[in-house]
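Rule-based calculations on the coordinates, nothing more; no lab input. Keep in mind that this is a model prediction, so the values were computed, not measured. Don't worry about glycine lacking a Cβ; one is built from the backbone with ideal geometry, like all the others, and counts go over all protein chains shown.
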Amino acid sequence: MKALADREVWFVTGSQHLYGADVLQLVEDHSRQIAGALDASAAIPVRVVSKPVVTNSESILALCLAATTSPNCVGVIAWMHTFSPARMWIAGLQALQKPLLHLHTQFNRGLPWGEIDMDFMNLNQSAHGDREFGYLETRLRHSRATVVGHWQDPEVLDRIGTWSRAACGWQEVHRLRLARFGDNMRQVAVTEGDKVEAQIRLGVQVDGYGLSDLVSSVRAAPDDAVDRVVEEYESRYTLAPALRAGGKQRAALSEAARIEVGLRAFLEAGGFRAFTDTFEDLGELAQLPGIAVQRLMADGYGFGAEGDWKTALLVRAMKVMATGLPGGTSFMEDYTYHLVPDRPQVLGAHMLEVCPSISAETPSCEIHPLSIGGKADPVRLVFTASPGPAVAVGLLDMGERFRLILNEVDVVSPPADLPRLPIARALWEPRPSLKVAAETWLLAGGPHHTSFSTALRREHLEDFAEMAGIELVTIGDGSSVAEIKKELRWSQAYYQLARGL
């Protein structure tokens, strides 16, 4: 069963009537075989649907319009088996509003040297036809991914799988509804942003609600539903003694479960798949939502603290993109540094809201005071992120455009226990070094909140940024302050010019 089996990409092959009916039948047969192989590949998490070969402007336009309006189609893979005159594709590509992958392949892997003739050459001329198609894509400035290689090569399958995951994230953002409880944390700049422009550019719908709406939902939570959630806490986590049956803070555990039931019901009723809150506006909630937020994130919801809707939408998109992959994705914050000369590190955390999907250990369910917010002690899950490669990704509003910043990092185990830090956390070493990563992140205006993923790679976000038309700044092995400075200057010029064209 594919991880994202409810979504599909359409495989379309271009040709023309010049070669006759027999050749077109072969093109159709080959196209179906390739689409079938892609659909059967475990590397591609979505269904690959074979579409009829297109040979004229009308059929191309009809297919592109159908792909654009299909709720299940997340993108189109196009391949030119023979020569397909590109003027036929103009109207279709102009109408296509789904991500496009140009697969530059051919049906046969090798050439049959002793048998090759002009009939073979006319049938198998992707090297010719795809160049014609590539010219038009570039002439139209049509954003796309280009993958080169034989359709059975593992590298090609992996590349298509990466692109299809990004396409699922792109689709998710375009249909995402995000609930914002309360406003932004007061006086904070980077978590603000233009929600209208975000809906124009990305499709996300950000709706604000007062805390009274959430409080009403929490108060309406049925007692039996609250009891069931408490039982889940007991069966899935290691409960601190004070939270166990008969413990002196057992009532706080029930209140945390009531908040979770009410919050989940509100989100489900409104069709929201991401949300924010802020500790500065908790209304009549008894405690800051901690375990509720963590468990909702573990179930796939996007989240941003302190009103940070941009990070919330990014967490949700990346969770969809990572469906079925090992590892997890979480809201995160660069909290404090270990600035020793030989091995500097970042300790990431938040007050409470880090997703347990980034850890393989069984979380401990605990309750401790929180020095901000002015509410009762909140219940939270405590754990440490599992070691391994990860990416920290921030989304910021530059005023005239959105920018993604990505840092490749390596999560490591803490060198000692953290008995007095009762929160979920991750310790990592940025690439290429903390000094270069931090300086370039600051130069690029990177936010302090990120979507932190141990499941995704840089390539997933590169494809996503291309689809969304968003600037991407990548910090990783080989990055330098000087080169990032140049990139930022060139990007500023490019995006200013692009807006005026």
Theoretical FRET efficiency, 1/(1+(r/R0)^6), r = Cβ-Cβ of residue 234 and residue 299, R0 25 Å, to 0.05: 0.85
Mind listing the phi-derived Karplus ³J(HN,Hα) values for the range 174-185, rounded to whole Hz, using 6.51, -1.76 and 1.60 with θ = phi - 60°, and x for any glycine or proline? 5, 10, 7, 10, 10, 9, 10, 8, x, 10, 6, 4
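About the Cα centre, and with charges only on the beta carbon of Lys, Arg (+1) and Asp, Glu (-1), how big is the dipole of the range 177-500? Nearest 20 debye, please.
Values: 33 positive and 44 negative charges, 28 e Å.
Dipole about the Cα centre, nearest 20: 140 debye.
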Rel. contact order, % - alpha carbon contacts under 8 angstrom, at least six apart, the chain: 12 percent
FRET efficiency for residue 121 and residue 72 from the Cβ-Cβ distance with R0 = 41 Å, rounded to 0.05, comes out at 0.60
Excluding exposed DSSP-loop GluC sites (Glu not before Pro) (at most 14 other C-beta within 10 Å), longest clean stretch of the chain: 116-283
Amide H contacts under 5 Å for residue 348, restricted to residues at least 5 apart in sequence or on another chain and with H modeled in the peptide plane, are 335, 426, 427, 428
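According to the square roots a ≥ b ≥ c of the eigenvalues of the Cα gyration tensor, what is the shape class of the chain, taking rounded for a/c under 1.5, prolate for a/b larger than b/c otherwise, and oblate for the remainder? Display every interim value, and only then the final one.
Values: a/c = 2.12, a/b = 1.90, b/c = 1.12.
Note, shape of the chain comes out prolate.
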If you line up the long axis of helix 223-236 against the longest principal axis of the chain, both from Cα atoms, how many degrees apart are they, to the nearest 10? 80 degrees
Could you tally the net charge around residue 129, taking each other residue with its Cβ under 15 Å from the Cβ of residue 129, Lys/Arg +1 and Asp/Glu -1? -1
Please report the Cα spread of the range 41-130 along all three principal axes, rounded to whole Å, starting with the longest. 48, 35, 16
Between residue 360 and residue 209, what is the label-point separation in nm under the 7 Å Cα-to-beta-carbon projection? 3.7 nm
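Relative to the Cα centre, what is the charge dipole magnitude of the range 364-453, using +1 at the beta carbon of each Lys and Arg, -1 at the beta carbon of each Asp and Glu, and rounding to the nearest 20 debye?
Details: 8 positive and 9 negative charges, 23 e Å.
With Lys and Arg at +1 and Asp and Glu at -1, about 120 debye.
Round to the nearest 0.05 the FRET efficiency obtained for residue 242 and residue 413 when R0 = 30 Å and r is the Cβ-Cβ distance. Numbers along the way, then the final one.
Numbers: r = 28 Å, r/R0 = 0.93.
Calculated value: 0.60.
Give me the net charge of residue 29's neighbourhood, meaning all other residues with Cβ under 15 Å from the Cβ of residue 29; Lys, Arg count +1, Asp, Glu -1. If you can, show how the numbers build up before the last one.
Working: positive: 32, 51; negative: 22, 28.
Net local charge, residue 29 excluded: 0.
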Pick out, from 80, 152, 349, the residue whose Cα sits farthest towards the positive end of the charge dipole of the chain, with +1 on the Cβ of Lys and Arg and -1 on the Cβ of Asp and Glu. 349
If unit charges are put on Cβ atoms (+1 for Lys and Arg, -1 for Asp and Glu) and the dipole of the chain is taken about its Cα centre, the option from 1, 388, 101 lying farthest towards the positive end turns out to be 101
Angle check, please: helix 458-468 long axis (alpha carbons) against the longest principal axis of the chain (alpha carbons), in degrees 0 to 90, nearest 10. 70 degrees
Return, ordered by residue number, the residues of the range 88-110 whose backbone nitrogen is under 19 Å from a label point located 7 Å along Cα→Cβ of residue 17. 88-92
Antiparallel bridge percentage (DSSP; both residues within the chain; nearest 5): 45 percent
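Once the piece of chain linking residue 492 and residue 421 is laid out straight, how much longer is it, given 0.36 nm per residue of separation minus the C-alpha distance between them? If you can, show how the numbers build up before the last one.
Working: separation 71, 0.36 × 71 = 25.56 nm, distance 4.14 nm.
Here the segment from residue 492 to residue 421 would lengthen by 21.4 nm.
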